[in-house]
Amino acid sequence: MCIRDSPMVARVESTRDLADELKQALVTKQEQELVLWFGDVDAALAVGRVIRALRLSSQPPKAGVPFPVDIAQRLADSTIASLAPTDSPERWAATLEAAAFSPVRSMVKPVRKPDVVNDELLATVKRLAPALPAVAALFEIEVEPGAPMPKPLRPDL
C-alpha cells in the first residue's frame with residue numbers, strides 16, 4: 001500500500017502534499033544516481049580502467065536498472081580487448097572475476113586463451129564457468145546444466 005493511500009495520511013492535505021514531495025524527491029535522486037553511475041562507468045572506460053568499469057557496472061544504484069546498450073557494448077568490447085593472449089594469468093583472473101558479475105558477462109567472448117595458464121586461472125575459470133560460459137568453452141570446461149551462479153569473492157581482511 002502506498003503511503004499516500006494510507007487512511008491516516010489521507011486525512012490531512014498537508015501530509016498528502018508532503019508525501020508527494022518526498023516521492024518526487026526520491027525519483028529525482030534515483031535519476032541523478034543513475035546518471036552518475038553511467039558517467040562513472042563511462043569515465044573508467046575512457047581512461048582504460050576496464051576492471052574498474054566492470055566492477056562499477058555490477059553495482060547499480062537501484063536494482064533492476066537496465067544497462068544502456070551503447071555503454072554495454074563499449075564495456076564488452078573493452079573487456080575482450082583487455083584479455084590479450086600475452087597478458088598474465090593474474091590479469092586474466094582479475095578481469096574475469098570482475099566480468100562475471102557485470103551486466104555484460106554474456107557478451108564476454110575472448111578470441112583465444114592466454115599464452116600462460118596457471119592453476120589459479122584455471123580454478124577461477126572453473127568457479128566462474130556458469131556466469132561466463134563462452135570463457136569456460138574457450139578453456140574446454142563444461143558447465144553442468146543448472147549449475148549455480150558463482151558468488152563474488154570476499155576480500156581478505
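What nm distance separates the two modelled labels at VAL143 and ASP119, each placed 7 Å from Cα along Cα→Cβ?
2.6 nm
Could you state the angle between the C-alpha long axis of helix 119-128 and the longest principal axis of the C-alpha atoms of the chain, as a value from 0 to 90 degrees rounded to the nearest 10?
Helix 119-128 sits at roughly 40 degrees to that axis.
Evaluate the relative contact order of segment 19-78 (contact order divided by residue number), counting alpha-carbon pairs under 8 angstrom at least 6 apart; express in whole percent.
Working: 31 pairs, mean separation 20.8, N = 60.
Computed value for segment 19-78: 35 percent relative contact order.
Leaving out ligands, DNA and RNA, and with a 1.4 Å probe, what % of the accessible surface on the chain is carbon or sulfur?
Working: 5620 of 9950 Å².
That fraction is 56 percent.
For segment 39-111, calculate the relative contact order in percent as a whole number, restricting contacts to Cα pairs under 8 Å that are 6 or more residues apart. Mind dumping the intermediate values first?
Details: 64 pairs, mean separation 28.8, N = 73.
Relative contact order of segment 39-111: 39 percent.
With a 1.4 Å probe and all protein chains left in place, how much accessible area per residue does the chain have, in Å²? All intermediate terms of the calculation are to be shown ahead of the outcome.
On the way: 9950 Å² over 157 residues.
Ligands and nucleic acids excluded, the result is 63 Å² per residue.
Give the calculated FRET efficiency between ALA43 and VAL65 to the nearest 0.05, with a Förster radius of 30 Å applied to their Cβ-Cβ distance. Write out the running numbers ahead of the final one.
On the way: r = 18 Å, r/R0 = 0.60.
Approximately 0.95, to the nearest 0.05.
Can you tell me, using C-alpha contacts under 8 Å and at least 6 residues apart, the relative contact order of the chain as a whole percent?
Details: 165 pairs, mean separation 25.4, N = 157.
Relative contact order, the chain: 16 percent.
Distance from the Cα centre of segment 32-63 to that of segment 120-155, in angstrom?
If we compute the Cα centre of each part, the gap is 24 Å.
Around ILE51, under 13 Å between beta carbons, what's the net of Lys plus Arg minus Asp minus Glu among the other residues? Let's see the in-between values first.
On the way: positive: ARG49, ARG52, ARG55, ARG91; negative: ASP87, GLU90, GLU97.
Taking every other residue near ILE51 into account, the sum is +1.
Show that you can apply the helix-only estimate: for the chain, add -39,500 (n - 2.57) for every DSSP H stretch of four or more residues, divide by all residues, and state [θ] at 222 nm to the nearest 500.
Details: 7 runs with 87 residues, N = 157.
Mean residue ellipticity at 222 nm (helix-derived): -17500 deg cm²/dmol.
Apply the Karplus curve 6.51 cos²θ - 1.76 cosθ + 1.60, θ = phi - 60°, to the phi angles in segment 18-24 and return the couplings in whole Hz, x for Gly and Pro.
Computed from phi, the couplings for segment 18-24 are 5, 4, 5, 4, 5, 4, 5 Hz.
The values are calculated or read from the model by the stated rules, or taken from the named source; none is laboratory data. What you see is a predicted model; the values in this text were computed from it and never measured. A quick note on method: Cβ atoms are made from the backbone with ideal geometry, for glycine too, and the neighbour counts reach across all protein chains shown. Areas reflect the complete protein model, heavy atoms only, side chains present, ligands, DNA and RNA absent. Shrake-Rupley method; radii C 1.70, N 1.55, O 1.52, S 1.80 Å.
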